[in-house]
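Okay, so here's the structure we're looking at.
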Amino acid sequence: MSQNPYPGKFIVFEALDGSGVSTQIELLIKYLKEKKIKVHLTAEPTRYLIGGLIKSWLSNDWKSTPECLQLLFTADRAYHLEKEIIPLLKKGITVISDRYLFSTLAYGVLEIKDRQWLFDINKKFILPDFTIFLDVSPEICVERIKKSRFSIELFESKEKLREVRKNYHEIFKKFKNIYIINGEEPIKEVFNEIKKIIAEELKT
Ligand code: TMP
């Protein structure tokens, strides 16, 4: 994995499902636009063809091996970088992605024990300039999911989320520029924390 060599800043948000991260990202986009910063919001799995295959897998429409799923996440990422993220970073636009390769490392090991393989298939990708992890307990996440949806996707049981959270914390020790913030505070307070990080990193 290499540093982002382009003029635009690449920011990643990571969190457990049900953490409320989308609300925070929406607030941030609005805030940056008000400050006249050119910003682009994106997400993984993407809205492109491979992202669609992943979403239909996660909704139990089809299935293959765990390796196949991880290769799809990685292929989706390669396409995402080439077609969307890198062209924008080259133009100096700030790109914010809701999930990126840390999701593969944290969720993938639930089914793939070979961590090195998961790392290796992501090796060619650029790293974000910084990552914000919204830390919320699995108990709260599951409650929030139950309130907002009828069906629970593949990775959303409490035990699985517990393991994923542990994985995130382990992985983040190995990377630089990771901000872990408490996502259990009220929305406004969480957002204030995010604004502080953004002010420091983007010099806004
Ligand atoms: P979403 O709910 O944020 O759209 O993400 C869908 C699910 O996919 C979520 O449970 C996290 C999982 N995921 C992975 O397991 N690996 C990945 O690389 C990505 C991007 C997501």
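The values are calculated or read from the model by the stated rules, or taken from the named source; none is laboratory data. What you are looking at is a predicted structure, and each value in this text was computed from that prediction instead of being measured. Note that we place each Cβ from the backbone using ideal geometry, even for glycine, and neighbour counts take in every protein chain shown. With ligands, DNA and RNA removed, areas are computed over all heavy atoms of the protein, side chains included. Shrake-Rupley method; radii C 1.70, N 1.55, O 1.52, S 1.80 Å.
Miscellaneous remarks
- Placing unit charges on each Cβ (+1 for Lys and Arg, -1 for Asp and Glu) gives the chain a dipole about its Cα centre, and among Ile180, Trp57, His40 the Cα reaching farthest toward its positive end belongs to His40.
- Ranked by solvent-accessible area (1.4 Å probe, protein heavy atoms only, all chains present), the residues Arg165, Arg47, Arg115 order from largest to smallest as Arg47, Arg115, Arg165.
- For the chain: relative contact order, % (alpha-carbon pairs under 8 angstrom, 6 or more apart): 34
- Across the protein chains, with a 1.4 Å probe defining accessible surface, the residues Ser19, Ser2 rank Ser2, Ser19 from largest area downward.
- Surface accessible to a 1.4 Å probe, per residue, for the residues of region 1-44, Å²: 48
- Net charge dipole size for region 10-202 [Lys, Arg +1 and Asp, Glu -1 on Cβ; Debye, nearest 20]: 480
- Note on Asp61: accessible area approximately 110 square angstrom, rounded to 10, probe 1.4 Å, nucleic acids and ligands left out.
- Our helix-only sum for the chain, with -39,500 (n - 2.57) per DSSP H run of n ≥ 4 divided by its residues, gives a mean residue ellipticity at 222 nm of -15000 deg cm²/dmol.
- Rounded percent of accessible protein surface that carbon and sulfur make up, the chain, 1.4 Å probe: 54
- Greater than 19 Å apart at Cα, pairs in Lys38/Lys195; Lys124/Lys174; Lys9/Lys176; Lys38/Lys90; Lys35/Lys203; Lys90/Lys176: Lys90/Lys176
- Building the convex hull from the alpha-carbon atoms of region 51-204 and averaging its projection over directions returns 10.1 nm².
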